[in-house]
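The values are calculated or read from the model by the stated rules, or taken from the named source; none is laboratory data. None of these values were measured; they are calculated from a predicted model. Cβ placement follows ideal geometry from the backbone for every residue including glycine, while neighbour counts extend to all protein chains displayed.
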Amino acid sequence: MSRVSFTVNGEKASVDVEERALLADVLRDNLGLTGTHIGCDTSQCGCCTVRLNGDAVKSCSMLAVQAQDSEITTIEGLADNEQLHPVQLAFSACHGLQCGFCTPGMIMATVELLARHPDPSDEQIREGISGNLCRCTGYVNIEASVRAAATVMRGGSQVDSPADSKPERT
């Protein structure tokens, strides 16, 4: 067993873990942060995406001991008190989710994407979420959600509905 200390969603945490424990399992099982989903255990689906020191990582392919002294943000840590993050609001308003299983990882990947590309092209959106699989929505509303969140985060005040924000197809 090893003692691992990190900051999760702004709060210090220290946990005794087996050296082989995955970060996703520690977040869920030890810290009760069940928004981080485990969909494949092979880093293919992206459901387990969290932010580690500001970068999106797939927590099912990372050992918890590798996160020593890191800053971790999970889906639970995006909201500012009672105010949801603009990406969370956009996914809700634009129906960028269906069953919701992939949604936390998709939102975390979108936060990363918009940090790098505040006004992303359709190609950048597709590339930015390409490591996250959705088996329900067909991606049209997810792409609309990303565009709407980008607009709000750049200072716009309205979240477009999917009908108002259709992707350009080439």
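Each residue in the range 97-144 was checked for being surrounded by 15 or more Cβ atoms within 10 Å (Cβ to Cβ), under 23 Å from Asn53 (Cβ atoms) and of a type in the set (A, V, I, L, M), and 8 of them qualify. Looking at the structure I just gave you, is Gly10 buried (at least 18 other Cβ atoms within 10 Å of the Cβ) and of a type in the set (Gly, Ala, Ser)? In short, no.
So that you can scan it fast, the table gives a plain yes or no per residue for (1) in the same structural domain as Met106 (by TED's automatic domain parsing); (2) over 12 Å from the mean Cα position of the chain (by Cα); (3) more than 22 Å from Cys99 (Cα to Cα); (4) modelled with pLDDT under 95:
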residue: Asp16; (1), (2), (3), (4): no, yes, yes, no
residue: Arg20; (1), (2), (3), (4): no, yes, yes, no
residue: Leu33; (1), (2), (3), (4): no, yes, no, no
residue: Gly39; (1), (2), (3), (4): no, yes, no, yes
residue: Gln66; (1), (2), (3), (4): no, yes, yes, no
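Within the range 79-91, the set of residues being at pLDDT below 95 and polar (S, T, N, Q) comprises Asn81, Gln83. Annotation note: Cβ proximity below 8 Å between a residue of the range 117-137 that is over 19 Å from Cys47 (Cβ atoms) and a residue that is part of a loop (DSSP other than H, G, I, E, B) and acidic (Asp, Glu) (sequence gap 6+ or interchain) occurs for Asp122/Glu168. Residue-level check: of (1) within 20 Å of Gly156 (Cβ to Cβ); (2) touching a residue at least 24 places away in the same chain (Cβ under 8 Å); (3) over 11 Å from the mean Cα position of the chain (by Cα), Val111 misses just (3).
Evaluating His95 against the criteria (1) on the phi < 0 side of the Ramachandran plot; (2) in contact (Cβ under 8 Å) with a residue 24 or more places away in the chain leaves one unmet condition, (1).
Of note, Gly100 satisfies the criterion of being small (Gly, Ala, Ser) and at pLDDT below 95.
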